[in-house]
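Each remark here refers to the structure printed beneath this line.
Each value in this text was obtained by applying a stated rule to the coordinates, not by laboratory testing. All figures in this text were calculated on a predicted structure; none of them were measured in a lab. Cβ coordinates were reconstructed from backbone atoms using ideal geometry, including for glycine residues, and neighbour counts include every protein chain displayed.
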Amino acid sequence: MALAAKGLLPLLLLAGLLAVFLRFGPVGVFRASFPPIEELTFGRIAFPQPGLIRVHMVNGGPEPVTVAQVMLDDAYWEHTVVPDREVGRLDDIVIEIPYPWVDGDPLIVTVVSSTGVTFTQEVAVATQSPEINRSYVVTFALLGVYVGVVPVFLGLLWLPFLAGVSQRWIDFFLSFTVGLLLFLGVDALEGAFALTGRVAS
């Protein structure tokens, strides 16, 4: 028992020293000396219906951020914040703004925090966001069939043909495929080097 106490005593002293260091040492001084770091990231700006803008934001910084004002094209505008104006670390919010946006026009959205820090996002073209309905579901389902099912099915249709040809023709088709892939790879590298030269110049 005495041996265990002797082993735990240094650990307890170390924990106490660390607590004092973090509370009163350089880390605490640095935290008190510098202003809080605020960082709100725009996730999505949606236009669900005429006269309404919905802004999705995430707090990616280490400190909580309080939303104070919202500006649209440098003009303060009424808004509501869901669930709360104070955004904790890694929390997300939705800002709903009743605004008569014009289809096709650009728009600048600025969010102002309680400390005066601004977060700005520009929308190049304002247009109503698509809604998930039966037409969209059918369209994407058909797209998945065209991209994923049809090519595989067409490839399987070649199996009876390949089973009936000689080994020499199979070697020819494989060589042709490898050569085509090499050509595409070299062509892609050449295009990449050309674009790199343009960017560098």
A chain fully extended from Asp103 to Thr115 at 0.36 nm per residue, minus the present Cα-Cα distance, gains in nm 1.0 nm
Relative contact order as a percentage, the chain, C-alpha pairs under 8 Å and 6+ apart, gives 15 percent
Zone reached by a paramagnetic label modelled 7 Å from Phe173 Cα along Cα→Cβ, restricted to the range 128-158 with backbone N below 17 Å, covers 151-158
Under 16 Å by backbone N from the virtual spin label 7 Å along Cα-to-Cβ at Val149, the residues of the range 125-142 are 137-142
Checking Ala75, Ala124, Ala188 against a Gaussian network model of the chain (alpha-carbon springs below 10 Å), the top fluctuating residue turns out to be Ala188
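Among Glu38, Glu78, which comes first, second and so on when ranked by fewest other beta-carbon atoms within 10 Å?
Values: Glu38 20, Glu78 9.
Fewest-to-most ranking of Glu38, Glu78: Glu78, Glu38.
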Over its alpha-carbon atoms, the range 40-123 yields an Rg and a Dmax in Å of 12.1, 37
With the convex hull built on the alpha-carbon atoms of the range 82-201, volume per residue in Å³ sits at 280 Å³
Rounded to whole angstroms and listed largest first, the alpha-carbon spread of the chain along its three principal axes comes to 82, 71, 47
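Assuming R0 = 41 Å, can you tell me the calculated FRET efficiency for the pair Thr41 and Leu14, based on Cβ-Cβ distance, to the nearest 0.05? Please list the in-between numbers first.
Details: r = 39 Å, r/R0 = 0.94.
It comes out at approximately 0.60.
If I take R0 = 22 Å and measure r between the Cβ atoms of Val58 and Asn133 in this structure, what FRET efficiency does the formula 1/(1 + (r/R0)^6) give, to the nearest 0.05?
Efficiency computed from Cβ-Cβ geometry: 0.20.
Sorted from fewest to most neighbouring beta carbons within 10 Å, what does the list Glu131, Glu86 look like?
Working: Glu131 9, Glu86 14.
Fewest-to-most Cβ neighbours within 10 Å comes out as Glu131, Glu86.
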